[in-house]
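One structure is given below, encoded as structure tokens.
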Ligand code: GLN
């Protein structure tokens with residue numbers, strides 16, 4: 001078996017170690033004997049979505065998001081939308097998550113029209129939402145996802161869109177309605193940055209399985225020794241539970 005990963009804008013969108021999520025997916029696949037190939041696709045390059053099973057989009061500051069508007073409109077938006085509708089797996093983080101929505105209006109009034117691939121929008125606020133945070137994930141009942149967020153954008157989901165889960169500590173989508181992230185088909189979108197998959201191996205395998213099942217119909221992942229990962233997870237979970 002093999003998964004082909006497309007890392008969108010690796011040189012522009014890579015905050016707080018977001019690439020660590022790709023390293024984590026790669027390692028967990030390789031440990032199961034599954035081959036992985038990651039290709040970066042950046043500004044001015046075409047995505048041939050049929051070549052990839054899993055797309056990763058990291059976070060970026062307002063400035064970087066504004067820089068990418070022209071490139072998105074020049075063909076990538078259409079490719080991203082059709083790949084999503086086709087059931088390809090996406091993991092999108094923070095600024096990358098916002099870019100899957102209709103628009104982002106920055107705190108100083110700059111309007112960024114994004115892909116509209118997902119029914120959501122984001123509006124900047126003057127207060128930044130920063131820190132380690134924790135949320136439940138509806139598809140893995142009982143599990144706690146720990147992560148790190150840093151955004152001024154408040155994201156609001158349209159009625160047909162499900163969140164990933166519920167905020168247990170921190171801010172999540174907007175600090176108001178208790179939701180975190182968005183789920184649609186095989187899209188996983190979240191505010192949590194680079195520590196997301198390394199500290200939540202159960203979530204990593206869940207996303208990998210979505211991509212493998214989409215490609216091969218049936219797939220299983222053999223268990224790994226996650227003691228270091230779970231020690232990091234539990235440390236943060238306990239710290240946030242006591243806060
Ligand atoms: N520019 C966005 C915001 O501040 C996203 C930031 C990020 O990706 N960390 O809301």
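Here are some notes:
- Those residues of region 134-159 which are within 20 Å of residue 14 (Cβ to Cβ) and surrounded by fewer than 23 Cβ atoms within 10 Å (Cβ to Cβ), in sequence order: 148, 150, 152
- Qualifying residue in region 184-203 (condition: at pLDDT 95 or above and farther than 25 Å from residue 153 by Cβ): yes
- Restricting region 83-111 to residues that are within 16 Å of residue 183 (Cβ to Cβ) and assigned to a strand (DSSP E or B) leaves a set whose member that is farthest from the chain's Cα centre (by Cα) is 89.
Table: residues versus (1) at pLDDT 95 or above; (2) closer than 13 Å to residue 208 by Cβ; (3) part of a helix (DSSP H, G or I).
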residue	(1), (2), (3)
7	yes, no, no
14	no, no, no
24	yes, yes, yes
28	yes, yes, yes
32	yes, yes, no
43	yes, no, no
59	yes, no, no
75	no, no, yes
81	yes, no, yes
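- Here region 188-202 is the region considered, the condition is being in contact with a strand residue (DSSP E or B) (Cβ under 6 Å, 6 or more places away or on another chain) and surrounded by 24 or more Cβ atoms within 10 Å (Cβ to Cβ), and the residue that is nearest to residue 231 (Cα to Cα) is 199.
- Close pairs from region 102-119: first touching a residue at least 12 places away in the same chain (Cβ under 8 Å) and on the phi > 0 side of the Ramachandran plot, partner more than 11 Å from the ligand (Cβ to nearest atom) and outside any loop (DSSP other than H, G, I, E, B), Cβ under 9 Å, at least 6 apart: 116/77; 116/81; 116/103
- Hits in region 138-163 - residues which are closer than 15 Å to residue 193 by Cβ and away from the ligand (no atom under 16 Å from the Cβ): 145, 146
- When residue 203 is tested against (1) in a helix (DSSP H, G or I); (2) farther than 26 Å from residue 104 by Cβ, just one condition goes unmet, and that condition is (2).
- Candidate set from region 81-98 (those that are farther than 23 Å from residue 216 by Cβ and without any contact (Cβ under 8 Å) to a residue 60 or more places away in the chain); member that is nearest to the ligand (Cβ to nearest atom): 98
- Some residue of region 140-157 being free of Cβ contacts under 8 Å to residues at least 24 places away in the same chain and out of contact with any strand residue (DSSP E or B) (no Cβ under 6 Å at 6 or more places or on another chain): yes
- Of the residues making up region 34-50, not a single one is buried (at least 21 other Cβ atoms within 10 Å of the Cβ) and touching a helix residue (DSSP H, G or I) at 6+ places or on another chain (Cβ under 6 Å).
- Condition check for residue 54: within 16 Å of the ligand (Cβ to nearest atom), under 18 Å from the mean Cα position of the chain (by Cα), surrounded by 23 or more Cβ atoms within 10 Å (Cβ to Cβ) and at pLDDT 95 or above: no
- Of all the residues in region 165-193, those that are under 14 Å from the mean Cα position of the chain (by Cα), away from the ligand (no atom under 16 Å from the Cβ) and not in a strand (DSSP E or B) number 2.
The values are calculated or read from the model by the stated rules, or taken from the named source; none is laboratory data. This one's a predicted model, so the numbers in the text were calculated from it and none came from an experiment. In this analysis, Cβ positions are derived from the backbone assuming ideal geometry, glycine residues included, and neighbour counts consider all displayed protein chains.
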